[in-house]
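To start, the structure under review is shown below, and the notes come after it.
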Amino acid sequence: MEGSIAKNLYSESLQLSELELDPPSTTNRCDGGDLLDGDDGSVWGGSNEEFDIETDLDREWQRRRDQFHTIGYRDGLLAGKETSAQEGFNMGFKESFHSGYNWGLVRGVTSALVCLPNELKEMLIETQEKRNKFQSLYESVHSLSTTDALKLFHDDILTKKAVEQSEGAEGGSNVTGLQNQSSDRSRLENHFGELESIILETPAIQVHLEVRK
């Protein structure tokens, strides 16, 4: 009986050894060539992945390039617009400052005098005629709004430019007509001239009328 048991154990051990030594069947294994692609041994089509990555990078680069080009165009336009606007503002301020200052001076002085009591007006302005001139100037100035004054100034500038352009051209009668028109439209300057004349005739009223052009 002992010999039978030993024989059975030896037989089972031999079968296990043969199974371990037997190479795997070709039907149960995958061909390495199906998993490996290329000489570098990359798995599952590494070359396709690299192509996809390069395509994504190219697409991202193009998108970034278009984006920064758009930003550059926009910033360039804004910078040019701001520069042009600043230059226009500087020119307009230089041309209008003197007239605007004088216009504000006329409005301020006449308003202050009109608000004074009659007794004080009589002390500062000797004659009724001069007081009437101040009152008339006040009413004439305050009948114009700021928009109206700006329009008068703009029209005066255009007329002066037309006169300058026509001085060297033919047609002396046209130049004379434009000069007369320019004189009629300089109402802002005329108001300041009236104030200056009245102030010079009234020593009791001290107003600084001079300003650098």
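Determine whether region 122-130 contains at least one residue that is assigned to a helix (DSSP H, G or I) and closer than 14 Å to Glu189 by Cα. No, because not a single residue in region 122-130 is assigned to a helix (DSSP H, G or I) and closer than 14 Å to Glu189 by Cα.
Counting residues in region 138-155 that are farther than 30 Å from Val207 by Cα and either of a type in the set (A, V, I, L, M, F, W, C) or assigned to a helix (DSSP H, G or I) (or both) gives zero.
Just so you know, all these numbers are worked out from the coordinates, no wet-lab data involved. Only a predicted model underlies this, so the values are computations on that prediction, with no experimental measurement involved.
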